2 protein chains.
Amino acid sequence: MIEGVIITQLDIIETPGGNVLHAMKDSSAGYSKFGEAYFSQVHCGAIKAWKRHKTMVLNLVVPVGKIRFVLFDDRKTSSGEFQEVILSKENYCRLTIPPMIWIGFQGLDSNVSLLLNIANIVHSPEESDRKTVDSIKYNWR
Amino acid sequence: MIEGVIITQLDIIETPGGNVLHAMKDSSAGYSKFGEAYFSQVHCGAIKAWKRHKTMVLNLVVPVGKIRFVLFDDRKTSSGEFQEVILSKENYCRLTIPPMIWIGFQGLDSNVSLLLNIANIVHSPEESDRKTVDSIKYNWR
């Protein structure tokens, strides 16, 4: 487990007409403050990689489909560790990612998957670094 | 338009592998503070009605499918007004609903629709009132 990463099991509450799926409360692990919430769609097989946030803490929830997240830690405190987490309704968790971790993700469902990020700051392009998918070697399968 | 209700157009940003869909920022119309974010699934044709929150401000976004929201205002300042809003990718907006409005919604997509509520307080059963669907007459079609 990469230092600072938190995986929190979330509740799914069965109700008539459609379930309620928890995402985050102000008392939740990984919550500090609210900056922005946004969705990313991920098509089947598509890989969105790599991105590293300098100050944003990400809180990721997958209410639709199945997404593989790959985290790569090249901070000075790390020996170059990878961590893979697959989120879906079957593993319905919130994935908290601290700043300065490289992040990539891949759609594993035959339909479009959806992730919600509840971030502590508003997104801005200056706040993140990008690398091409090939520049960090990983077996995406 | 019911007093206090806000409808805010949201951006959809086309990106390779799947679009990014905005939901809410700390500077957005309708945002006061963060209490809880949760999802509700709505099956095709299912009606979830009626519910009234005493203090919760709801901020509703529909990233998947199509949902009809019906609001009923029986506050003393109102003459018993209804307001209908249909949210989907085609009308990608955030619907902000103040406290003391009766709320019902219905899934209009052949697949399961999904709504995200970003609320100013944490959900608690004591904070809301419920009525059966038939107790407020509305033509759900």
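The values are calculated or read from the model by the stated rules, or taken from the named source; none is laboratory data. All figures in this text were calculated on a predicted structure; none of them were measured in a lab. Here the Cβ positions follow ideal geometry from the backbone for every residue, glycine too, while neighbour counts run over all protein chains shown.
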Filter result (within 14 Å of another protein chain (Cβ to nearest Cβ) and not hydrophobic (A, V, I, L, M, F, W, C)) within the stretch A:61-87: A:Pro63, A:Gly65, A:Lys66, A:Arg68
Lone unmet requirement of (1) free of Cβ contacts under 8 Å to residues at least 60 places away in the same chain; (2) more than 20 Å from A:Lys25 (Cα to Cα); (3) of a type outside the set (Val, Ile, Thr); (4) assigned to a strand (DSSP E or B) for B:Leu60: (2)
The stretch A:1-27, residues that are part of a loop (DSSP other than H, G, I, E, B), closer than 23 Å to A:Arg68 by Cα and either within 17 Å of the chain's Cα centre (by Cα) or not charged (D, E, K, R) (or both): A:Met1, A:Ile2, A:Glu3, A:Gly4, A:Val5, A:Leu10
Any hit, the stretch A:26-33, residues being touching an Asp or Glu at 6+ places or on another chain (Cβ under 8 Å), of a type outside the set (Ser, Thr, Tyr) and free of Cβ contacts under 8 Å to residues at least 12 places away in the same chain: yes
B:Ala119, sole failed condition from (1) surrounded by 16 or more Cβ atoms within 10 Å (Cβ to Cβ); (2) among the small types (Gly, Ala, Ser); (3) farther than 25 Å from B:Lys33 by Cβ: (3)
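Conditions (1) within 13 Å of chain B (Cβ to nearest Cβ); (2) more than 25 Å from B:Cys44 (Cβ to Cβ), marked per residue:
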position	(1), (2)
A:Ile2	no, yes
A:Thr15	yes, no
A:Lys33	yes, yes
A:Cys44	yes, no
A:Asn59	yes, yes
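Condition check ((1) touching a residue at least 40 places away in the same chain (Cβ under 8 Å); (2) over 23 Å from A:Val122 (Cβ atoms); (3) of a type in the set (A, V, I, L, M)) across all residues:
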| residue | (1), (2), (3) |
| --- | --- |
| B:Thr77 | yes, yes, no |
| B:Glu84 | no, yes, no |
| B:Leu95 | yes, no, yes |
| B:Ile101 | yes, yes, yes |
| B:Phe105 | yes, yes, no |
| B:Asp109 | yes, yes, no |
| B:Leu116 | yes, no, yes |
| B:Ile121 | yes, no, yes |
Qualifying position, being closer than 28 Å to A:Val62 by Cβ and either modelled with pLDDT of 95 or more or not charged (D, E, K, R) (or both), among B:Phe82, B:Phe105: B:Phe105
In the stretch A:116-137, residue nearest to B:Leu114 (Cα to Cα) [restricted to those that are within 14 Å of chain B (Cβ to nearest Cβ) and part of a strand (DSSP E or B)]: A:Leu116
B:Lys51 in contact (Cβ under 8 Å) with a residue 24 or more places away in the chain and surrounded by fewer than 21 Cβ atoms within 10 Å (Cβ to Cβ): yes
Any hit, the stretch A:47-55, residues being modelled with pLDDT of 95 or more and facing chain B (nearest Cβ under 9 Å): yes
Condition check for B:Ser113: within 14 Å of another protein chain (Cβ to nearest Cβ) and either at pLDDT 95 or above or touching a helix residue (DSSP H, G or I) at 6+ places or on another chain (Cβ under 8 Å) (or both): yes
